[in-house]
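Data block below; observations after.
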Amino acid sequence: ASLGFATESAGSDRDALILDASAQTGFGSSESSSLLLAASLGGRVEDAGVRNLLLDTSARYFKRQSEKRLLYIGLNASYGQSLDMDQYLQLGGDNGLRGYPLRYQTGDKRALLTVEQRYFTDWYPWRLFRVGGAVFFDVGRVWGDSPVDRSNSELLRDIGFGLRIGNDRSGLGRMTHIDIAMPLDGDSQIEDLQFLVSTKKSF
């Protein structure tokens with residue numbers, strides 16, 4: 001946890017107390033099943049009250065089914081209050097809801113559930129890449145105050161599959177995700193298939 005103070009005498013545009021705190025814990029073993037819990041809280045206190053308050057919580061469950069199969073379930077919930085314009089919560093293809101366009105919903109409250117069946121292979125092309133795959137289901141929603149004029153009243157779902165490619169020769173520890181997802185809700189203007197390529201630190 002950290003606590004800071006912004007003051008106009010040091011160049012700030014306002015006086016404020018700034019809070020940033022986080023905690024995490026885990027249970028189980030990576031050889032069978034494990035549960036990882038995390039929470040973070042940030043914001044600032046000004047003369048006008050609490051501003052840019054954001055509480056973020058997550059639970060991640062991993063179940064090792066065999067040497068080459070693993071079940072992953074992830075749940076994330078976030079609560080915001082008096083958020084700055086660039087801190088509003090978003091949901092779409094770039095942050096967990098893979099069957100929808102980027103930043104499809106915007107608001108100050110968010111919930112997302114992901115269920116993913118992961119597969120690992122012995123395929124090792126040119127001794128450079130480790131290859132795996134996943135089949136997934138996402139369901140989530142953003143609601144509350146929003147700076148954009150768009151309804152966030154609908155719960156959104158998608159299904160899809162993807163490849164996971166890890167580079168053994170890279171010191172960055174990055175993994176390339178190549179996903180194809182199909183939206184199950186939303187308006188008719190959304191394309192039937194969403195194609196996503198991204199790099200992450202995890203499978």
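Key figures for this structure:
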read-out: Efficiency of FRET between Thr121 and Asp20 - r from beta-carbon atoms, R0 41 angstrom, step 0.05; value: 0.50
read-out: Cα-only Debye scattering, segment 5-109: base-10 log of I(q)/I(0) at q = 0.16, 0.23 Å⁻¹; value: -0.87, -1.17
read-out: Volume per residue of the C-alpha convex hull in segment 2-50, rounded to whole Å³; value: 82 Å³
read-out: Thr25 - accessible surface, heavy atoms, 1.4 Å probe, Å² rounded to 10; value: 70 Å²
read-out: Efficiency of FRET between Asp86 and Ser29 - r from beta-carbon atoms, R0 41 angstrom, step 0.05; value: 0.55
read-out: Length gained when the stretch Ala38-Gln189 is fully extended (0.36 nm per residue, less Cα-Cα span); value: 50.7 nm
read-out: Point-charge dipole on Cβ atoms (K/R +1, D/E -1) for segment 15-100, about Cα centre, debye to 20; value: 740 debye
read-out: Residues of segment 84-183: accessible area per residue with a 1.4 Å probe, Å²; value: 53 Å²
read-out: Positive-end residue, segment 30-115 charge dipole about Cα centroid, Cβ charges, pick of Ala111, Phe62, Ser82; value: Phe62
read-out: Length added when fully stretched, Glu154-Leu102, from 0.36 nm per residue minus Cα-Cα; value: 17.1 nm
read-out: Residue (of Leu71, Thr121, Ala10) at the positive-pole extreme of the chain, dipole from beta-carbon charges; value: Thr121
read-out: Rg and Dmax of the chain, Cα atoms only, in Å; value: 19.8, 61
read-out: Hull-based mean projected area of segment 118-203, where the convex hull spans the alpha carbons, in square nanometres; value: 7.4 nm²
read-out: FRET E, pair Asn95, Lys63, Förster distance 30 Å, beta-carbon r, rounded to 0.05; value: 0.80
read-out: Sulfur and carbon atoms: percent of accessible area, the chain [1.4 Å]; value: 54 percent
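The values are calculated or read from the model by the stated rules, or taken from the named source; none is laboratory data. Keep in mind the model is a prediction, meaning the values are calculated, not measured. Cβ: placed from backbone, ideal geometry, glycine included. Neighbour counts: every protein chain shown. Areas reflect the complete protein model, heavy atoms only, side chains present, ligands, DNA and RNA absent. Shrake-Rupley method; radii C 1.70, N 1.55, O 1.52, S 1.80 Å.
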